[in-house]
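Input: a single structure, listed below in structure tokens.
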Amino acid sequence: MSNLLEIRELNITLVENQRPIVKNVSFNVGKGRILGIIGESGSGKTLTSKAIMRLLNEKIFTVKGQVEFRGNNLLQMSEREIEGVMGKDISMIMQNPMTAFDPMMKIGKQIIETVKAHLPLSKKQAYDMGVQQLKKMNLNRVSEIMNSYPHTLSGGMLQRIMIAIALLLEPRIIIADEATTALDVSTQSIILDEFKKIQDKGISLIVVTHDFGVIAKVANDVIVMKDGEIIEDGTVHEIFYNPKTEYTKELLKARLLADEVSYA
Amino acid sequence: MVKEILKNKQAVIGLIMMFIVAFIAVFAPFIAVNNPEEISPAQKFARFSGRYPLGADQLGRCIFSRLIYGARYSLGIAIPVLLILAVISTFLGTVSAYIGGRFDRIFSIFCDIFMAFPPLLVVLSLVGALGQGILNIMIAVIFSMWVWFARVIRSYVLMEKKKGYVTASKIVGCSDIQIITRHIIPNILPAFIVYFSTGVAGIILMISGFSFLGLGIEAGVPEWGAMLSSAKPYLYSRPLLLIYPGIFILFTAAGFNLFGEALRDIISPEGG
Amino acid sequence: MLEVKELCKQYTGRDKKGRKTTIQAVDNVSFIVERNKSYALVGESGSGKSTLARLITHIEMSTSGQIKIDNKDMSKMGKRELRMKRADFQMVMQDGQSSLDPRIKIYDSIAEPIRNFSSINKKEEKEKIENLTQKVELPLEVLNRFPHELSGGQQKRICIARAISVRPKFIIFDEAVSGLDVTVRKKILDLLLRLRNELKSTYFFITHDIDVAMYIAKNILVMKDGQIVEQIENIKSFSDFKHEYSQMLIKSLLPKLPSNTQRK
């Protein structure tokens with residue numbers, strides 16, 4: 001199995017008091033696989049994913065370690081080099097889609113600008129690409145959406161638009177940080193199905209979540225985080241059928257599902 | 001909160017400045033070397049001396065003593081005005097926002113109408129109608145300013161009213177009066193203090209401005225604005241006569257402003 | 001005990017072009033809540049379930065329809081009578097932190113309903129509050145703290161202590177466990193189940209989560225676009241849901257275990 005992303009000895013400390021928040025985290029993301037990172041609040045899962053994207057404020061967090069992507073250590077790249085990689089090769093889908101969009105700009109324009117920043121295309125080509133991608137996301141009345149401001153759309157729609165934008169540039173990895181947490185179950189289901197379709201194209205995903213249901217539905221590999229450390233990792237079957245740590249067992253038990261339910 | 005204020009340089013500087021002015025106002029009789037109203041024509045435009053630390057003005061009055069007593073007028077007018085403003089505007093703003101609905105809409109329209117007249121215009125016409133006098137200028141300032149303060153309080157209460165704990169208090173059986181006095185007012189108090197401490201500066205400037213224009217305060221009273229006004233003819237020959245009261249006004253207003261602004265930063269660090 | 005009859009709530013607003021629009025948040029809802037049974041109302045965002053909670057507790061007034069408590073019409077009650085009636089009707093809201101006044105210590109927050117609804121002396125009050133704190137499984141130290149010094153789960157427990165302090169006949173939980181970590185959520189739900197046996201209160205649980213609904217209640221109402229589309233008594237399994245919307249919700253639920261295709 002070839003690894004697309006290798007994280008080695010990632011450590012994040014607070015600049016203010018040197019307190020470690022993420023400790024010695026190492027894992028790999030295989031090509032075309034979905035890695036689930038599960039943990040509760042304060043486990044460091046979101047910080048880990050943000051550190052990979054170089055999204056942490058250096059004045060607040062010190063990040064040490066290696067994030068190997070195609071032979072380069074992302075943590076040591078210059079700002080300019082990083083800009084070339086982010087969005088193009090690695091995309092992120094955030095928990096709150098509302099904050100990911102510029103509230104004063106129409107969706108269409110935002111899509112065109114994102115595409116044009118990375119690909120040598122005309123405005124018209126970029127627009128058409130956007131329309132096509134939105135249609136693939138199960139969205140109706142696409143031209144109307146392209147012409148709306150973010151606040152007029154629902155959270156579920158925005159989330160799907162964000163995924164569409166992430167996909168437009170055909171990245172190699174998409175990091176989804178609690179991307180479906182705030183959504184209704186029906187929308188969540190659509191988006192998770194979309195993740196699987198993304199995977200079928202050979203794109204890897206890192207799905208950060210607190211919900212073992214999300215993991216059960218999409219992940220191939222799992223790491224369980226607690227208090228900034230990886231306490232258990234393995235394939236999804238190992239984690240579900242043969243959890244080793246008490247904490248993982250407790251997390252699994254905290255699910256409320258009635259037993260007799262069968263799922264398609 | 002007290003700790004945070006002491007940590008903030010700007011707040012400490014403002015606080016010290018406020019304290020100095022307050023000290024001067026309270027102990028004016030002990031600091032002043034002469035009777036501020038005593039006229040001695042022989043000493044007209046006297047230079048600095050042991051008897052007149054900052055010299056004497058066009059009527060031979062001790063400038064230093066007048067400036068010291070001026071602090072009494074500035075604070076003595078601004079603070080009572082502010083307290084009355086606080087009571088009136090808190091009551092009206094809170095009641096309007098809390099009751100809400102049609103009542104609040106009518107109150108807002110009423111405020112808008114009031115705010116359409118510049119405060120200066122209101123004061124001018126009121127002083128014109130009521131006549132000169134410190135009490136009248138106070139009434140005029142309150143009358144022209146309450147609506148601005150009430151609007152701010154109203155918006156604070158509207159914001160607070162939406163919060164979960166207000167609903168929660170209703171559910172645990174608090175009456176409206178309990179909710180207002182025990183929950184809403186304590187929670188808007190910090191923002192309220194900030195607004196009013198910056199408001200003091202505005203009122204001090206306003207009152208000095210009016211007395212500079214000869215409104216409200218009788219000629220001869222050692223009020224800083226009035227001193228500026230009476231020194232006008234000597235702008236070129238004796239500029240210091242204007243500069244001294246100017247510095248005092250600036251110092252006092254700056255003290256309250258610095259403190260108020262620093263307090264705002266402390267209370268809302270995200271800079272809202 | 002509680003009878004809701006043809007309840008409607010409309011909001012009027014203005015659309016982009018300034019035309020008046022009405023939104024039917026609660027649309028002709030009728031149901032009966034009997035003593036000593038447990039109810040759950042399931043709905044997605046925008047279904048009107050929170051509005052319904054606010055109508056039942058009389059935080060908001062209905063546009064039309066009736067709410068009867070013990071055969072007495074709520075809209076015909078006087079202000080004072082209604083306030084006293086609240087002792088029987090408590091609500092726990094979604095956000096624990098915002099439901100507690102940030103400037104009031106926990107002790108006084110819990111004391112508030114006790115002081116409002118009963119007249120007991122300081123010593124009895126203290127005993128009662130300490131007793132309640134133990135009941136919700138919190139150490140007595142928390143009483144001396146402010147809300148922001150507690151964790152989300154602790155805040156929630158305080159809200160529960162506050163609600164049960166007056167031994168209400170009826171408690172509405174409006175999304176009371178959403179937003180909590182799964183392990184915390186499980187503990188709080190189990191606490192509520194234990195408390196119910198002791199208090200003999202009727203729970204009315206509003207949630208977007210069918211899992212939570214089935215875990216805590218036997219009688220389930222499904223709400224969509226302001227209407228109750230399905231009402232099931234004594235639910236046994238997911239197959240009791242008949243309405244297509246409910247079935248869609250169930251189909252969207254996340255699986256309990258990973259599917260075999262993920263095994264690699």
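The numbers here are math on the coordinates, done by the rules we state, and not lab data. This is a predicted model, so every value here is computed, not measured. Cβ coordinates were reconstructed from backbone atoms using ideal geometry, including for glycine residues, and neighbour counts include every protein chain displayed.
So what is the diffusion coefficient of the range C:190-264 in µm² per second by Stokes-Einstein at 20 °C and 1.002 mPa s, using a Kirkwood Rh over Cα pairs?
Translational diffusion coefficient: 150 µm²/s.
As a footprinting exposure proxy, order A:Glu83, C:Glu127 by other Cβ within 10 Å, with the fewest listed first.
In increasing order of surrounding Cβ atoms, one gets C:Glu127, A:Glu83.
With the dipole of the range B:2-267 worked out from charges on the C-beta (+1 for Lys and Arg, -1 for Asp and Glu) around the Cα centre, which of B:Ile137, B:Val2, B:Phe192 lies farthest toward the positive end?
B:Val2
Spin-label point model (7 Å from Cα, Cβ direction): what's the A:Glu83 to B:Leu124 distance in nm?
5.5 nm
Return an integer: the convex hull volume of the alpha-carbon atoms of the protein assembly as shown, in Å³ per residue.
229 Å³
Express in nm, to one decimal, how much length is gained between C:Glu81 and C:Ser151 on full extension, taking 0.36 nm for each residue of separation and deducting their alpha carbon distance.
21.6 nm
Counting other C-beta atoms within 10 Å, which of C:Ile160, B:Ile247, C:Ile172, B:Ile188 has the fewest, and how do the rest follow?
Fewest-to-most ranking of C:Ile160, B:Ile247, C:Ile172, B:Ile188: B:Ile247, B:Ile188, C:Ile160, C:Ile172.
Indicate the gyration tensor shape class of the range A:34-118 (rounded, prolate or oblate), computed on the Cα atoms with a ≥ b ≥ c the square roots of the eigenvalues: a/c under 1.5 is rounded; otherwise a/b larger than b/c is prolate and the rest oblate.
Judged from the Cα gyration tensor, the range A:34-118 comes out oblate (a/c at least 1.5, b/c at or above a/b).
Among A:Thr48, A:Thr209, A:Thr13, determine the one that fluctuates most according to a GNM of chain A built with springs between C-alpha atoms less than 10 Å apart.
Judging by the Gaussian network model, the answer is A:Thr13.
Go ahead and estimate [θ] at 222 nm for the protein assembly as shown from helices alone: -39,500 (n - 2.57) per DSSP H run with n ≥ 4, summed, over the residue count, rounded to 500.
-15000 deg cm²/dmol
When the convex hull of the C-alpha atoms of the range B:2-267 is computed, what volume per residue in Å³ does it have?
That works out to 147 Å³ per residue.
With the crude spin-label approximation of a point 7 Å out along Cα→Cβ, what separation in nm comes out for B:Val12 versus B:Phe143?
Distance between label points: 4.6 nm.
Hey, how many Å between the Cα centroid of the range B:58-115 and the Cα centroid of the range B:197-272?
Rounded to whole Å, the Cα centres lie 16 Å apart.
For the range A:108-264, what does the convex hull of the Cα positions come to per residue, in cubic angstrom?
143 Å³
What's the FRET efficiency of C:Thr12 with C:Gln66 using the Cβ-Cβ distance as r and R₀ = 22 Å, to the nearest 0.05?
With a Förster radius of 22 Å, E is 0.50.
Given a cut-off of under 8 Å on Cα pairs at least six residues apart, what relative contact order in percent is computed for the range B:2-267?
25 percent
Stokes-Einstein diffusion coefficient for chain A at 20 °C in a medium of 1.002 mPa s, Rh from the Kirkwood formula over Cα pairs: what value in µm²/s?
Once the numbers are plugged in, D ends up at 111 µm²/s.
For the pair B:Gln178/A:Ser143, report the inter-label distance in nm, with labels modelled 7 Å from Cα in the Cβ direction.
6.0 nm
Please give me, ordered by residue number, the trypsin sites (Lys or Arg not before Pro) of the range B:120-163 that lie in loop per DSSP and have at most 13 other Cβ atoms within 10 Å.
In loop regions of the range B:120-163 (DSSP not H, G, I, E or B), the sparsely surrounded trypsin sites (Lys or Arg not before Pro) are B:Lys162.
Taking the beta-carbon count within 10 Å as an exposure proxy, list C:Ser50, C:Ser99 from fewest neighbours to most.
C:Ser50, C:Ser99
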